[in-house]
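The values are calculated or read from the model by the stated rules, or taken from the named source; none is laboratory data. From a predicted model like this one, the values you see are computed outputs, not experimental measurements. Glycine also receives a Cβ, built like all others from the backbone with ideal geometry; neighbour counts cover every protein chain displayed. We work out accessible area using only protein heavy atoms, side chains counted, and drop any ligands, DNA or RNA first. Shrake-Rupley method; radii C 1.70, N 1.55, O 1.52, S 1.80 Å.
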Amino acid sequence: MTRFTTKMDAALIEARAAAERGEVPVGAVVVNPKGQIIARAGNRTRELHDPSAHAEILAIREACQIIGADRLPDHRLYVTLEPCAMCAAAISLARIAGLYYGASDPKSGGVEQGARVFSHSQCHHKPDIYGGINEVECAELLREFFASRR
């Protein structure tokens, strides 16, 4: 019997660090087939002046550099918020095997909300998708961040 384990706690650490930098608190980690975290990132769009510097994109870029390839088959991505359409497309292009996310994003989600990137016939690869991992904690972090800005 295989026991399910999660790396969402590590993604939450990255999300909290992003919040401390004034970024929207989203964190992501890439896990290799051995279950080891090989890349981690939090949002850095404001810091880098780059609208594509989402946690998922940054973690995927780092993981690809580490393994020396443009694809991450058999790897897993944990992210605290449902990926947007841009990030979902990158996940597909990277051939990530499994996507685990925390909070749903009714406004900008691209996986099970909104664009639903993986359901389009043009999508070359659809990962296994598991939503709601540590959902309450992930959603609360976002709520607190935006409440402090109002």
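List of remarks:
- Unmet requirement for Arg16, which otherwise passes all of (1) open to solvent by less than 30 Å² (accessible area, probe 1.4 Å); (2) over 21 Å from Tyr130 (Cα atoms); (3) in a helix (DSSP H, G or I): (1)
- Taking the criterion of being of a type in the set (D, E, K, R) and touching a strand residue (DSSP E or B) at 6+ places or on another chain (Cβ under 7 Å), the residues of region 41-92 that qualify are Glu56, Glu62, Arg76, Glu82.
- Tally of residues being open to solvent by less than 10 Å² (accessible area, probe 1.4 Å), of a type outside the set (Ser, Thr, Tyr) and farther than 18 Å from Gly42 by Cα across region 73-110: 4
- For region 111-122, a residue qualifies if it is in a loop (DSSP other than H, G, I, E, B) and either open to solvent by 30 Å² or more (accessible area, probe 1.4 Å) or in contact with a Leu (Cβ under 6 Å, 6 or more places away or on another chain) (or both), and the qualifying residues are Glu112, Gln113, Gly114, Ala115, Arg116, His120, Ser121, Gln122.
- Residue within region 38-46 that is aliphatic (A, V, I, L, M), out of contact with any Leu (no Cβ under 8 Å at 6 or more places or on another chain), closer than 16 Å to Met8 by Cα and crowded, with 23+ Cβ neighbours inside 10 Å present: no
- Flag if Glu144 is within 16 Å of Glu23 (Cα to Cα), modelled with pLDDT of 95 or more and open to solvent by 80 Å² or more (accessible area, probe 1.4 Å): yes
- Matching residues in region 3-58 - criterion: being touching a Gly at 6+ places or on another chain (Cβ under 6 Å) and among the acidic types (Asp, Glu): Glu14
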